[in-house]
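Trainee: Below is the structure I would like to discuss, written out as structure tokens.
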There are 2 protein chains.
Amino acid sequence: MLGMIWVRACSALVGFRAPTCVRSLHSFPGITVAQIDEEVAKLLALKAQLGDDGKTQFVLKTPKGTRDYNPKQMAIREKVFNTIIRCFKRHGAETIDTPVFELKETLTGKYGEDSKLIYDLKDQGGELLSLRYDLTVPFARYLAMNKITNIKRYHIAKVYRRDNPAMTRGRYREFYQCDFDIAGQYDAMIPDAECLKIVHEILNELDLGDFRIKVNDRRILDGMFAVCGVPDDKFRTICSTVDKLDKMSWEDVKKEMVNEKGLSEEAADQIGEYVSMQGGMDLAERLLQDHKMSQSKQACAGLSDIKLLFKYLQLFHVTDKVVFDLSLARGLDYYTGVIYEAVLTQASAVSAANEAQNGANAEESVSVGSVAGGGRYDGLVGMFDPKGRRVPCVGVSIGIERIFSIMEQKAEASPEKVRTTEVQIMVASAQKNLLEERLQLISELWNAGIKAEVMYKKNPKLLSQLQYCEEAGIPLVAILGEQELKDGVVKLRVVATREEVDISRADLISEIKRRTEA
Amino acid sequence: MLGMIWVRACSALVGFRAPTCVRSLHSFPGITVAQIDEEVAKLLALKAQLGDDGKTQFVLKTPKGTRDYNPKQMAIREKVFNTIIRCFKRHGAETIDTPVFELKETLTGKYGEDSKLIYDLKDQGGELLSLRYDLTVPFARYLAMNKITNIKRYHIAKVYRRDNPAMTRGRYREFYQCDFDIAGQYDAMIPDAECLKIVHEILNELDLGDFRIKVNDRRILDGMFAVCGVPDDKFRTICSTVDKLDKMSWEDVKKEMVNEKGLSEEAADQIGEYVSMQGGMDLAERLLQDHKMSQSKQACAGLSDIKLLFKYLQLFHVTDKVVFDLSLARGLDYYTGVIYEAVLTQASAVSAANEAQNGANAEESVSVGSVAGGGRYDGLVGMFDPKGRRVPCVGVSIGIERIFSIMEQKAEASPEKVRTTEVQIMVASAQKNLLEERLQLISELWNAGIKAEVMYKKNPKLLSQLQYCEEAGIPLVAILGEQELKDGVVKLRVVATREEVDISRADLISEIKRRTEA
């Protein structure tokens, strides 16, 4: 499907042109009754918004599935981003940015069934456009377009999915992704191990509680299906059933495989044995000797790589959190090798994650607190290259919305107030008619790099100036009065202790810095 | 206009359904020949993308009017943003974020003629949505929705305008805005003066060359038009002609007023006298005594405020760059009081600005390098409040795309290379089979907060590791060899000087910090 032709049937919504409109619809063979019903419902909804006087009454809301971030949420968001960006930079990543929309055809054929969730822009003439669905496909398009074969980049930006919040509650339609990817032809498992090291560092530093990183390989899954007797054309659908093991019992998963997907009971039982296995390098070694698994070349290649991966992870001292788990089967089609997913294992964190309103599956968040995921996708860039040249890639995406939500809950529970500004000092006056003196002083402070505020009133009361400081968490007040001006000093007040001390104007800036730059 | 009904004329683009399609068009009365031509052109363009084998060939590009930012551009962008955000925070601003799209009706009726430039999303069921056109209207919606009457906030985000790059070259359809606004009922001109102080600080710190900040007031313009005999219903259109004075001669502006807009020659000449006036507080005082201007209450209110503004600007020591200019007439309808615009005045900066590809008018950038603008808009929030409650606002928007472009040119011209990462050290080896030792060492460095890279090869050549450092601007290399491992040291190499020194493993981290943390 490259596009559609849309013909404007009528350009007025209500009033005198409506009859023409209806006649046109009658004479037009392409429209269905359902489509007409839909249009009528939409018109009536719009009409309901018109007041008695015919004036539009604004609906004061953000679009369905989206939200504003208030200053407190932004302060938490900034803290989380800084931790993540610091880690990405520590690992030498550059950053890029791409437009919020892409040519529709760039996204076509990349997301399988989920393509129906893509937001399209209205055809207003010119190109057909869609909002980006993730950051991985734009990254692959960027690499192919600029013929880049080596890059380590991070990209933090919003993506858009027309999910139906009524069906899957807790899902946002606009949400952040936080991606780190390494593209290039390198020796096996070295960049893959670094991605896991990065997840480990970030989750440690964010202090979200205990976590585990599950690891598997697309080739091991495919090999396992083959040796268990799953027909080739059922790999994908059986894989997506295995993917449900973190929220369904094995019995229910087996029932789905056998009853709904038509797999033989014997094959299902064999799969059941494998997907219950968890371990480390030892498990990979054992499976390489397994009489059935070892028949699959693919599985052996995956198992050897898992062994190598664990060797590197040992050097990074992160194996305490990493588990080779044969039930891990991430949904996305484009993975070709190692895949991984980090989950929070603490009860408190999990319950926080339940509340998380993000782009991931809500049912998922009930059973696990998945906070990061990724894997190797060696074929995606080639889909964009006219000659199909491959650029191997491995990457990780941090589930930032869920992390925001946990951090917000932690902030709520904490007695400490979240500050939304970094203001060090308020320039206040104890008497009337000192606006000019306040403005002159605050100008000096700003020019010296001090973060300072002044009330935008000619004669504010001292009490209201002090109250403002308490509410905003401003630690210091510089109080000006006739006497202070005469003496060439400022009365420096510490809000928390109410201690007051006269400081000479010459020493003020260094004194503020000394007291606030911890 | 609340919306439109679109009827799908035919759902297949090419092939066997085309004849049906054409018949449908014939029997359909609402379509024009021009529309058919347009659709045909679109179909042929799509057909051209189909290869001989009928397979789609990807067009590897970003949508028209948009661009990717590569790592070098991102490094410059980050530097500029940091300077601006530091300034906004110094002035005590919080930050918020809003969705990239709004309900279509939120944007309706806010932008006058420019509404045609708004990107609409396709109606895929549910609400009608549009991409934001600026950050001011979403800010006003946010205030009204949350009943906020006092806030000082900044917001840095992308906005979208379906401008036609063919007509106005150098215009982007996706570009950043960088807004600082103060909302609340305060004493006159204090927040307004702070906005100008902020522009002054930012332009100074970015070091873009000399600049001037023009100031005027919507009430002075309206009063001037009234006393010059412009009919009430021509204020807006005459105002938009005055707005062209920075790129057209007075003669041409007068011609447009008289010939196109039907103003009397006498009225035009009187306007011409006023709009040639520039000055400071003295000019405001003189005009308050002007026998004609003083007849307008509006003008007098504006002039008194300009006087007060200059008084505060003197206290801030920024009057050297600020000029009261009666020809300044910013386009946007929603301004109600003081308005201002900062322009770069240096030739080099201006020529750089010519190249600037941003959301502002391209013709503008030929004559002036406008890099910031704003003003007071006391009525906008009330448009969203069901009871029309007003929240006075004043704000400034930094023309960040133009600034990026100037900074990029400066970086190009400079012999210094723009670094796209902050990596302090590369962990390298001089011999084969030392991958494990390299991984172990780099893990120690990462854990100590050092920004470090390692090549993802088992046995990279020393030369290629050193070359990578030169290209990426990495200042240090930690070289491991059999001898160093035996001695418990690392050979630390300074890339610039090629100096090498053995450092004990115990001292390595502090030595790296000492050498790289300037």
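The values are calculated or read from the model by the stated rules, or taken from the named source; none is laboratory data. Model, not experiment: these values are computed from the prediction. Please note: Cβ atoms are built from the backbone with ideal geometry, for glycine as well, and neighbour counts cover all protein chains shown. SASA here: full protein model, heavy atoms, side chains in, ligands and nucleic acids out. Shrake-Rupley method; radii C 1.70, N 1.55, O 1.52, S 1.80 Å.
Trainee: Kindly identify residues of region A:173-197 having a loss of at least 40 Å² in accessible area between the isolated chain and the assembly of all protein chains, probe radius 1.4 Å.
Mentor: A:Tyr186, A:Asp187, A:Ile190, A:Lys197
Trainee: Oh, and also: Starting from the Cα of B:Glu260, move 7 Å in the Cα-to-Cβ direction to define the label point; list residues of region B:322-345 whose amide nitrogen is under 20 Å from there.
Mentor: Of the residues in region B:322-345, B:327-333 have backbone N under 20 Å from the label point off B:Glu260.
Trainee: Another one. Starting from the Cα gyration tensor of region B:101-231, take the square roots of the eigenvalues, sort them a ≥ b ≥ c, and report rounded, prolate or oblate (rounded when a/c is under 1.5, otherwise prolate if a/b is larger than b/c, else oblate).
Mentor: rounded
Trainee: Moving on. Quick check: at a probe of 1.4 Å, how many percent of the accessible area of region B:218-324 sits on carbon and sulfur atoms?
Mentor: Carbon plus sulfur share of accessible area: 46 percent.
Trainee: Under a point-charge model restricted to the Cβ atoms of Lys and Arg (+1) and Asp and Glu (-1), what is the dipole moment magnitude of region B:425-515 relative to its Cα centre, in debye to the nearest 20?
Mentor: Around 180 debye, computed over region B:425-515.
Trainee: Can you tell me how region B:168-309 classifies by the Cα gyration tensor, rounded, prolate or oblate, using a/c under 1.5 as the rounded cut?
Mentor: oblate
Trainee: So, taking all protein chains as they sit and a 1.4 Å probe, how much accessible area belongs to B:Lys244, in Å² rounded to tens?
Mentor: Approximately 60 Å² of B:Lys244 is accessible to the 1.4 Å probe.
Trainee: Roughly how much of A:Ser304 is accessible, in Å² to the nearest 10, using a 1.4 Å probe?
Mentor: Answer for A:Ser304: close to 60 Å² accessible.
Trainee: Over the heavy atoms of B:Lys311, what accessible area does a 1.4 Å probe trace out, to the nearest 10 Å²?
Mentor: 80 Å²
Trainee: Related question: Before I look further, what does region B:425-515 give for accessible area per residue, probe 1.4 Å, in whole square angstrom?
Mentor: Heavy-atom SASA per residue in region B:425-515 reads 48 Å².
Trainee: In Å² (nearest 100), what accessible area is buried between B and A, both sides summed, heavy protein atoms only, 1.4 Å probe?
Mentor: 11700 Å²
Trainee: Rounded, prolate or oblate: pick one for region A:189-231, where a ≥ b ≥ c are the square roots of the eigenvalues of its C-alpha gyration tensor, a/c under 1.5 means rounded, and failing that, prolate if a/b is larger than b/c, else oblate.
Mentor: It is oblate, given that a/c is not under 1.5 and a/b is not larger than b/c.
Trainee: Can you give me the relative contact order of region B:425-515 as a percent, contacts being Cα pairs under 8 Å and 6 or more apart?
Mentor: Averaging sequence separation for qualifying contacts and normalising by length gives 30 percent for region B:425-515.
Trainee: Okay, moving on. Suppose you put the label 7 Å out from Cα in the Cβ direction; list, shortest first and in nm with one decimal, how far B:Glu470 is from each other copy's label.
Mentor: 6.5
Trainee: Given the pairs B:Lys307/B:Lys387; A:Lys158/B:Lys61; A:Lys122/B:Lys244; A:Lys387/B:Lys61, which span a C-alpha to C-alpha distance of over 27 angstrom in this model?
Mentor: B:Lys307/B:Lys387; A:Lys122/B:Lys244
Trainee: Going 7 Å from Cα along the Cα-Cβ axis for the label, what nanometre distances separate A:Gln295 from the same residue across the other copies?
Mentor: Label-point separations across copies, in nm and ascending: 10.3.
Trainee: Just to make sure I understand: if all protein chains stay in place, what is the order of B:Leu492, B:Leu60, B:Leu117 by accessible area at 1.4 Å, largest first?
Mentor: If we order B:Leu492, B:Leu60, B:Leu117 from most to least accessible, we get B:Leu60, B:Leu117, B:Leu492.
Trainee: To continue, here is another question. Cut-off under 28 Å on the C-alpha distance; same-chain residues fewer than 8 positions from B:Lys491 excluded. Which lysines are left, in chain and number order?
Mentor: Cross-link targets: A:Lys89, A:Lys152, A:Lys197, A:Lys311, B:Lys417, B:Lys432, B:Lys451, B:Lys457, B:Lys458, B:Lys461, B:Lys513.
Trainee: Continuing with this model, one more query. Taking all protein chains together and a probe of 1.4 Å, list B:Asp192, A:Asp282 from the most accessible to the least accessible.
Mentor: Descending accessible area places them as A:Asp282, B:Asp192.
Trainee: Something else about it: Using every alpha carbon pair in region A:425-515, what percent of pairs falls into each 5 Å bin from 0 up to the bin containing the largest distance?
Mentor: Over region A:425-515, the share of Cα pairs per 5 Å bin runs 3, 15, 29, 29, 20, 5, 0 percent.
Trainee: How far apart are the B:Asp232 label points across copies, placing each 7 Å from Cα toward Cβ, in nm, shortest first?
Mentor: 8.1
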